[in-house]
Amino acid sequence: MPVPKGATLDPSRTREAILESATALLYERGLDGIGVAELCAAVGASKETLYRHFGSKDGLIEAVLENRSRRVLAWIADAAASADAAPEARLTAVFRALATWYAAPGFRGCAIVNAAAQRHTSPATLIAARHLAGYLDLFTDIARTAGVPEPDELGRQFLVLLQGATVVADHLAAPEAADTALSAALTLLEAARERRP
C-alpha cells in the first residue's frame with residue numbers, strides 16, 4: 001500500500017486495509033476466482049506486504065473468513081439483543097436483520113459457507129463449523145428462554161431455517177425468504193411450547 005512521503009507506516013492499519021479490500025473482492029469473485037498478483041493489485045499491496053501480514057493467499061483467506069465470521073455473528077447477536085427479551089421478538093429481530101442483508105446489492109449468500117463449499121478442506125470447513133455453531137448457540141439460547149422441552153433440537157431447526165433461507169435468497173434472488181423462514185420459526189416455537197408438560 002503506497003505511503004505518502006513523510007508518513008509513518010502503521011502495520012496494523014495496513015493489515016486491516018488489506019483485509020477489508022480482500023473481504024469484498026473474495027466475496028464477489030470467490031476464493032479461487034482471483035490469483036495472488038491480481039489480488040495484490042486490487043488491494044494495493046505488494047506480494048511481500050501480503051505475505052508479511054498473512055503468510056500466503058491461504059493465510060489471507062483464513063483471516064478474511066475469521067474476521068467476517070466474527071463480524072456477522074456479532075451483528076446477528078446484537079440484532080437479537082436489541083429486541084425485547086421475548087423469544088418471538090428475538091427471532092423476529094434475527095430474521096429481519098437477515099432480510100436487510102438478503103436485499104442488499106451484491107448479496108451472494110453466506111461467505112463462510114460458500115468458502116467451505118468451494119474448498120471442502122480446513123481451515124474453511126473448520127471456520128464454517130464454528131460459524132454455524134455460533135448461530136446454533138444463539139438459537140438454542142432463544143429456545144431455552146422459551147422454556148420448550150427440547151431446546152437443542154429447536155435451536156437446530158432454527159439454524160436449518162436460517163441456512164435454507166440464505167441459500168434460497170441467494171440462488172432465487174428472493175430476499176423474502178427471511179420472512180418465510182421467520183414464519184416457520186415462529187410456528188415451530190409455538191408447536192414446541194404446546195408440547196410442554
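See the values below:
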read-out	value
On Cα atoms only, tilt of 151-171 relative to the major axis of the chain in degrees	50 degrees
Area of S82 that stays accessible when all protein chains are in place (1.4 Å probe, Å², to 10)	100 Å²
Chain lengthening between A104 and D84 when straightened (0.36 nm per residue, less Cα-Cα)	4.7 nm
Mean accessible surface per residue for the chain, computed with a 1.4 Å probe while every protein chain stays in place, in Å²	52 Å²
Between the stretch 119-174 and the stretch 38-81, the Cα center-to-center distance that results, in Å	22 Å
Pairwise FRET efficiency - A133 versus D179, Cβ, R0 = 22 Å, nearest 0.05	0.30
For peptides 40-48, 133-141, sequence by mean Cβ density within 10 Å, most packed first	133-141, 40-48
Quotient of Cα Rg and 2.2 N^0.38 Å for the chain, N being how many residues it contains	1.19
Dipole magnitude (debye, nearest 20) for the chain, charges at Cβ of Lys, Arg, Asp, Glu	460 debye
Cα long-axis angle, helix 177-194 against the chain (0 to 90 degrees, to the nearest 10)	40 degrees
Between 0 and 90°, nearest 10: helix 57-82 axis offset from the chain longest Cα axis	40 degrees
Within the accessible area of the stretch 52-197 (1.4 Å probe), percent carbon and sulfur	57 percent
Helical contribution to [θ] at 222 nm, DSSP H n ≥ 4, -39,500 (n - 2.57), averaged over the chain, rounded to 500	-25000 deg cm²/dmol
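The values are calculated or read from the model by the stated rules, or taken from the named source; none is laboratory data. Source: prediction; values computed, not measured. Cβ coordinates were reconstructed from backbone atoms using ideal geometry, including for glycine residues, and neighbour counts include every protein chain displayed. Remember, those area values only see protein heavy atoms, side chains included, never the ligands or the DNA or RNA. Shrake-Rupley method; radii C 1.70, N 1.55, O 1.52, S 1.80 Å.
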